[in-house]
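Before any comments, here is the structure.
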Amino acid sequence: MIQTPFYLIDKSKLLQNMEKVALLREKSGAKALLALKCFATWSVFDLMREYMDGTTSSSLYEVRLGREKFGKETHAYSVAYGDNEIDEVISHADKIIFNSIGQLERFADKASGITRGLRLNPQVSSSSFDLADPARPFSRLGEWDLRKVEPVMDRISGFMIHNNCENSDFDLFDKMLGEIESRFGPLLKRAEWVSLGGGIHFTGENYPIERFAERLKKFSGDYGVQVYLEPGEASITKSTTLEVTVLDTLYNGKDLAIVDSSIEAHMLDLLIYREKAKIAPNSGPHSYMICGKSCLAGDVFGEFQFPEPLKIGDRISVQDAAGYTMVKKNWFNGVKMPSIAIKELDGSIRLVREFDYSDFEQNLS
Ligand SMILES: *Cc1c(COP(=O)(O)O)cnc(C)c1O
């Protein structure tokens with residue numbers, strides 16, 4: 001028995017996503033790069049590498065990890081690079097995508113040995129949450145003025161556009177791509193490649209993969225470009241749980257159960273986006289508020305149903321704990337950091353990483 005808390009990556013579930021990614025690549029001709037900012041647990045890259053074309057990154061450390069642990073095509077992107085890191089970034093990348101014309105002009109010569117591109121901002125997105133909306137007013141994420149991009153076309157061969165966010169609606173994707181085409185069409189015609197970013201939930205249940213593939217293929221044909229996708233969440237969705245144990249139960253007007261984890265430390269996005277965790281099957285007559293063990297008053301996973309009353313020592317599996325979760329875990333409150341375990345395709349469970357006091361201590365000085 002592995003001591004909780006731990007993240008459990010189920011390779012057979014990961015494989016289901018990977019097979020959809022492979023199908024999409026085959027039907028559409030698009031290439032798929034894993035977005036490391038969403039998921040960087042490299043112990044499963046051996047499996048993912050078989051089904052994806054490489055990685056994309058948001059920083060020097062991510063591009064290096066992509067090169068060293070994943071291999072294949074390695075794209076570099078960052079909102080801004082510093083003078084002190086640009087040479088090393090270029091040394092790890094096959095392609096570098098600049099966020100602004102200013103960055104492109106500053107570093108274009110240094111990067112002349114690899115493929116160069118620019119991020120465009122189409123000023124439309126599928127996000128309804130301001131914090132995560134790349135097209136929010138005054139957004140710093142990419143250039144939108146055609147007249148400014150035109151003069152730098154001699155230094156780039158393609159574009160990256162990332163404006164989808166947890167978008168499971170194909171028609172909305174289609175509509176926004178149409179808007180991108182009518183807005184940037186003349187520039188796209190002159191490009192060799194276009195990355196459409198991440199945020200498209202094409203591995204989700206009932207997503208019309210065939211129509212999606214057709215649309216990408218048509219886009220690729222109409223503009224004569226190699227299409228890239230940068231799936232983060234779509235690559236790993238529903239593959240991983242956070243395994244926790246009940247440490248205490250109490251009744252304060254509601255039944256509460258405290259577990260050996262914390263949303264702020266181990267599932268931070270629940271707090272940032274005000275979402276509830278998912279617990280399966282979440283049915284039965286006994287209702288509990290599942291709470292974290294940090295001292296944050298609102299450290300609550302949510303309220304869930306259970307078939308039996310909870311008792312100390314019971315195990316709970318929090319669903320969907322891969323994307324934007326493991327990459328964000330932190331040492332708040334000194335809560336024990338979840339170990340990482342992998343359920344192999346044959347069903348055996350392998351512990352790949354444990355964290356202890358020395359990791360906590362070494363994190364600061
Ligand atoms: C965040 C991000 C991704 C991945 O997004 P998902 O929603 O996880 O698919 C891809 N590309 C860029 C540029 C991003 O910022």
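The values are calculated or read from the model by the stated rules, or taken from the named source; none is laboratory data. All values reported here derive from a predicted model rather than from experimental measurement. As a convention, Cβ positions derive from the backbone with ideal geometry for all residues, glycine included, and neighbour counts pool all protein chains shown. All accessible areas refer to the heavy atoms of the entire protein, side chains included, with ligands and DNA or RNA removed. Shrake-Rupley method; radii C 1.70, N 1.55, O 1.52, S 1.80 Å.
Quick look at the numbers
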{"item": "Gain on full stretching of the segment that runs from Glu85 to Arg350 - 0.36 nm per residue minus C-alpha separation", "result": "91.8 nm"}
{"item": "Cα-based shape type of the range 313-360, given that a ≥ b ≥ c are square roots of the gyration tensor eigenvalues and the cut on a/c is 1.5", "result": "prolate"}
{"item": "Normalised alpha carbon radius of gyration of the range 1-45 [divisor 2.2 N^0.38 Å]", "result": "1.47"}
{"item": "Highest to lowest packing among 140-147, 44-51, 347-354, scored as the average C-beta count within 10 Å", "result": "44-51, 140-147, 347-354"}
{"item": "Inter-label distance, nm, simple model (7 Å from Cα along the C-beta direction), Glu308/Leu364", "result": "4.1 nm"}
{"item": "P(r) tail fraction, the range 262-313 - alpha-carbon pairs more than 15 Å apart, %", "result": "47 percent"}
{"item": "Per residue solvent-accessible surface (Å²) - the range 237-284, probe of 1.4 Å", "result": "47 Å²"}
{"item": "Cα-only Debye scattering, the range 127-274: base-10 log of I(q)/I(0) at q = 0.12, 0.20, 0.21 Å⁻¹", "result": "-0.65, -1.32, -1.41"}
{"item": "Packing-based order for 130-138, 77-85, 55-63, using average beta carbon neighbours within 10 Å, highest first", "result": "55-63, 77-85, 130-138"}
{"item": "Helical mean residue ellipticity (222 nm; -39500 (n - 2.57) per DSSP H run of 4+; nearest 500) of the chain", "result": "-7500 deg cm²/dmol"}
{"item": "Computed P(r) (all Cα pairs; the range 79-184; 5 Å bins; percent)", "result": "2, 12, 22, 21, 17, 14, 9, 3, 0"}
{"item": "Cβ charges +1 (Lys, Arg) and -1 (Asp, Glu), total dipole of the range 9-54, debye", "result": "160 debye"}
{"item": "Dipole of the chain, positive direction: furthest Cα of Cys291, Asn167, Asn99, with charges on the beta-carbon", "result": "Asn99"}
{"item": "Paramagnetic reach from Gln319 (point 7 Å along Cα→Cβ, amide N under 19 Å) across the range 220-239", "result": "233-239"}
{"item": "Extended-chain gain in nm, criterion 0.36 nm per residue less alpha-carbon gap, Ser139 and Ser157", "result": "4.1 nm"}
{"item": "Percentage relative contact order, the range 311-365, counting C-alpha pairs under 8 Å, at least six apart", "result": "23 percent"}
{"item": "Stokes-Einstein D in µm²/s, Kirkwood radius over Cα pairs - the chain at 10 °C with 1.306 mPa s viscosity", "result": "73 µm²/s"}
{"item": "Among 115-124, 285-294, 195-204, the order from most to least packed when residues are scored by Cβ within 10 Å on average", "result": "195-204, 115-124, 285-294"}
{"item": "Solvent-accessible heavy-atom area per residue, rounded to whole Å², over the range 107-155 at 1.4 Å", "result": "57 Å²"}
{"item": "Cβ charges +1 (Lys, Arg) and -1 (Asp, Glu), total dipole of the chain, debye", "result": "540 debye"}
{"item": "Sulfur and carbon atoms: percent of accessible area, the chain [1.4 Å]", "result": "50 percent"}
{"item": "Shape category assigned to the range 201-284 from the gyration tensor of Cα positions, a/c cut at 1.5", "result": "prolate"}
{"item": "Listed residue (Ser139, Leu247, Trp331) projecting farthest to the positive dipole end of the chain, Cβ model", "result": "Ser139"}
{"item": "Calculated FRET efficiency for the pair Lys69/Glu105, C-beta based, R₀ 35 Å, to 0.05", "result": "0.65"}
{"item": "Prolate/oblate/rounded label for the range 265-353 (Cα gyration tensor, a/c 1.5)", "result": "oblate"}
{"item": "Per residue value of the accessible surface for the range 1-63 (all protein chains in place, 1.4 Å probe), Å²", "result": "40 Å²"}
{"item": "Distance in nm between pseudo-label sites at Phe332 and Glu19 (7 Å out along the Cβ direction from Cα)", "result": "3.8 nm"}
